[in-house]
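The values are calculated or read from the model by the stated rules, or taken from the named source; none is laboratory data. Please read these numbers as outputs of a predicted model, since none were measured by experiment. Here Cβ is always computed from backbone atoms with ideal geometry, including for glycine, and neighbour counts include all displayed protein chains. Accessible surface is based on the protein model in full, side chains and every heavy atom, while ligands, DNA and RNA are left aside. Shrake-Rupley method; radii C 1.70, N 1.55, O 1.52, S 1.80 Å.
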Amino acid sequence: RELKKEQKHLSDIWLKVCEKHKKNEDDRAKLDGEKVDAGLKFVDPEQPIKLNVGGQIFETTAGLLCKDEYSVLAGICRGSGETLEPRMAPDESGSSPEAIYIDRDWWIFRHILQFLRTGMLPDDPVLIEELYNEATFYRLGMLRESIEKRRSAYHNRARRSGLRTSRAAYGSETYGAN
């Protein structure tokens, strides 16, 4: 009886979460429609962008960085003026004067770029956790969502199989049985 009550409670919470997600999607669609009017313009997607992340130079295009338009990376590519030049200027005094400097872990950033290129996540569960933290910093909603879906799929699969789940194991197939 208590179990049924708890199931009902969790079901109600889940429905509320789904309603919030739907409202957020609707709000985002509305915002997308208004973004050009609000001056949210990006540089040419083919424009090369050079980043210095934690001392490592990465070269990519504005189009790749703008895959998630509300992220910090897309913010780098927001244009201003009639020629739509990037708003963020390179660090002229740094070790790579033509690059925009970001003080973050370059090892993780390379996986972020790989995700933006392919939509694929690595298998290493510890790396997935680090990616999730960096996705939060960069405000990469699509990366966070992808990781959350993997977590959910892992936990559902483990629950159906009667396996114990550990927080870090969802990225691999090496989880333990009861």
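Observations, loosely collected:
- Test: residue in the stretch 134-147 that is in contact with a strand residue (DSSP E or B) (Cβ under 9 Å, 6 or more places away or on another chain) and open to solvent by 70 Å² or more (accessible area, probe 1.4 Å): no
- Applying the condition of being among the hydrophobic types (A, V, I, L, M, F, W, C) and within 16 Å of Gly54 (Cβ to Cβ) to the stretch 102-126 and asking which residue is most open to solvent (accessible area, probe 1.4 Å) yields Trp107.
- The residues of the stretch 77-127 that are among the acidic types (Asp, Glu), over 20 Å from Gln56 (Cβ atoms) and modelled with pLDDT of 80 or more amount to a single one, Asp123.
- Residues in the stretch 134-178 that are modelled with pLDDT under 70, out of contact with any Gly (no Cβ under 9 Å at 6 or more places or on another chain) and assigned to a helix (DSSP H, G or I): Tyr170, Gly171.
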